[in-house]
1. Between residue 327 and residue 61, with labels modelled 7 Å along Cα→Cβ, what's the label distance in nm to one decimal, could you check?
2. Taking H placed 1.01 Å from N in the peptide plane, check which residues at least 5 places from residue 186 or on another chain put their amide H under 5 Å from its amide H.
3. Could you list 23, 275, 361, 213 so that the one with the fewest beta carbons within 10 Å of its beta carbon is first and the one with the most is last?
4. Taking only C-alpha pairs under 8 Å that are 6+ residues apart, what is the relative contact order of the stretch 61-307 in percent?
5. Using θ = phi - 60° and the Karplus form 6.51 cos²θ - 1.76 cosθ + 1.60, what ³J(HN,Hα) does each residue of the stretch 96-110 get, whole Hz, x for Gly and Pro?
6. Once a ≥ b ≥ c are taken as the square roots of the eigenvalues of the Cα gyration tensor of the chain, is the result rounded (a/c under 1.5), prolate (a/b larger than b/c) or oblate (a/b not larger than b/c)?
7. Which of the lysines could be linked to residue 252 by a straight reach, that is with a Cα gap under 23 Å, when you skip same-chain ones fewer than 8 residues away?
8. Just want the ordering: 176, 162, from fewest to most Cβ atoms lying within 10 Å of their own Cβ.
Amino acid sequence: MNFEHGGVGKSPRPFEVEAVRADFPPLHQEVHPGKPLIYLDSAATSLKPSPVVAALDAYTADYPANVHRGLHVLSERATEAFEDAREAVASFLGVEDSAQVIFTRGTTESINAVAMSWARSMLEPGDAILVSELEHHSNLVPWQVVAKEKGLDLRFAELTDDARLEMSAIEAALTDRVRLIAVTAMSNVTGTLPPLADIMDLARRKGIRVLIDAAQGLPHGDIDVRKLDPDFLAFSGHKILGPTGVGVLYAKRELLEAMPPFLTGGSMVVRVTRDSSEWNEIPWKFEAGTPPIGEAIALGAALRYLAAFPAEQVAAHERALLEHAHAVLGRIPGLRIVGPEDLSKKGPIASFTMEEAHPHDLAQLLDRHGIAIRAGHHCTMPLHTRLKIPASARASFSLYNTMAEIDRLGEALESIQALFRRRVSRPATSPARLASPAQ
Ligand SMILES: Cc1ncc(COP(=O)(O)O)c(C=O)c1O
């Protein structure tokens, strides 16, 4: 049987931003009277195009059965669509063996799986794990936990002052006990793009395993896993046009076969006695219990949707958005964009601070203009400490954003700045902050 996943065809579709926007229903609403939504928070979670919504709806409405267990039509249909989604992920990543694709709940769970299974069972006290100062807490806290438990050395490659990650910093942090380099493909704050190919080269020469946190990198770049050949790669469905609740751990077959499961229970076993169990083969050995079936199917639809556009056209659009954002925000006095000044080292994210206003105030006031951004530490407290700021405001861009939206962001920020300046010049009515949401 051949099931349609949201009607996403295989033939290439030229990238045209207005046609793309038509596929994203949330973009066609006013969030406040007269204020259409300008969504600049895709690094937190992306919007989902209609084919993804349709794929999830179709599973829920038409064949909401469990996978791998039933012999009836609906269960067979669900199983086929679920496994077909695994193929879609493998093909998006450029890997042939789809058994190396494990469905998880997201990047966080994928990285925890590597920490709790591979690191816990394969590393010895005194071994080291190397991360960078860029990492999201999801690619830091699991290593802290396993390092404490096993007596491992957790090492940091330091950033330049403009948050670039240079090979020299990785080399400086290396010891002959480093067994794993766990690094982001793109920072969720500064947009920094680490030199992944060079990191892979170095790691291969030294026999070090590499985990790539592709939560931000994969939605914006063509990460050809076959070419890059990392040992582990993690990403989340919801940041790449798919639904929440599903993500992927890709790992090399020999590693997955040697690793113990990190969750146990139904579906991941082939034989169970009162005293012991025999594990299923990969990928199911790592998919205990009922997986996020509809979400995985919808993730397959998301990846097919994205893959239908020529990758270089999407990348060129997002690069143009980034360059425009830097030009527009760069004109505002007192606004500082954090991260690499060399935009070739940066993905489509502009995080900034403004002298006059706390990032939370900026986010709240921008919302009144219909503009959704994010403010806070973005789950990267050590990075903010390195940048010497408590928090930042982050505008993040995706294929459905336009230059005009970035112009609106610039105008709104200018009017917010003017408001704060007026308040400062009238101290009696000048609160230091308008709002102080908890971090
Ligand atoms: C770089 C990076 N890694 C990991 C994560 C965690 O992703 P999730 O919350 O989907 O598990 C995020 C989320 O913002 C991220 O930006």
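1. About 4.4 nm, to one decimal.
2. 216, 217
3. On the way: 23 18, 275 5, 361 23, 213 31.
With the sparsest Cβ surroundings first, the list reads 275, 23, 361, 213.
4. Values: 473 pairs, mean separation 59.7, N = 247.
Contact order relative to length: 24 percent.
5. 7, 8, 6, 5, 7, 9, 9, 7, 10, 8, x, 4, 4, 5, 4
6. Working: a/c = 1.95, a/b = 1.31, b/c = 1.49.
Here the chain falls in the oblate category.
7. Within the straight-line limit of under 23 Å, residue 252 reaches these lysines: 206, 227, 285.
8. Fewest to most other Cβ atoms nearby, the residues stand as 176, 162.
Laboratory data are not the source of any read-out in this text; all were calculated from the coordinates shown. If you're wondering where the values come from, they're calculated on a predicted model, not measured in any experiment. Every residue, glycine as well, gets a Cβ built from its backbone with ideal geometry; the counts of neighbours run over all protein chains shown.
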